[in-house]
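To keep things clear, I will list the structure first and then write my remarks on it.
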Amino acid sequence: MKKRYFLLYLMVISIPVFLALIVWQSNRYQGLSGELKRLEQTQVEWVESNKRLIAGISEYSSPETIENAAKNQLSLQKIPPEYLLQVKIVDNSSRAEGKGYGY
């Protein structure tokens, strides 16, 4: 008989506890669902921003665009070939040590 009342009391106490756990889990789920939507929106914004940046990079990767920007925006001019000086660097590491600079 006592065992029967104990089981009854246990069931009476466990029902509100389970209901409270269900409410807590539902509240937690709603919070996480809202955060997930916010993160998905942030991800969409980042993807769109990356697409715009990639388009900008591809726009400035052509030589014609770079030359146009150098002339019009930066006021740069090409140097005529007669003003260019080419320097050739010789590797002296293969020469014997102590024989000077290889003049």
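The values are calculated or read from the model by the stated rules, or taken from the named source; none is laboratory data. As the structure is a computational prediction, the values presented were derived from the model and not from experiment. Because the Cβ atoms are built from the backbone with ideal geometry, glycine has one as well, and the counts that use them run over all protein chains shown.
The single residue among Thr42, Thr65 that is among the hydroxyl-bearing types (Ser, Thr, Tyr) and either modelled with pLDDT of 90 or more or surrounded by fewer than 10 Cβ atoms within 10 Å (Cβ to Cβ) (or both) turns out to be Thr42. Scanning the stretch 48-62 for residues that are β-branched (Val, Ile, Thr) and surrounded by 10 or more Cβ atoms within 10 Å (Cβ to Cβ) yields one hit, Ile54.
Report yes if Glu67 is assigned to a helix (DSSP H, G or I), within 24 Å of the chain's Cα centre (by Cα) and among the acidic types (Asp, Glu), otherwise no. The answer is no for Glu67. Consider Tyr5 carefully, then state whether it is surrounded by fewer than 10 Cβ atoms within 10 Å (Cβ to Cβ) and more than 30 Å from Lys78 (Cα to Cα). Taking the combined requirement at face value, the residue satisfies it.
Return yes or no: is Thr42 on the phi < 0 side of the Ramachandran plot, in contact with a helix residue (DSSP H, G or I) (Cβ under 7 Å, 6 or more places away or on another chain) and either of a type in the set (Val, Ile, Thr) or in a helix (DSSP H, G or I) (or both)? Considered against the rule, which asks whether it is on the phi < 0 side of the Ramachandran plot, in contact with a helix residue (DSSP H, G or I) (Cβ under 7 Å, 6 or more places away or on another chain) and either of a type in the set (Val, Ile, Thr) or in a helix (DSSP H, G or I) (or both), Thr42 comes out as no.
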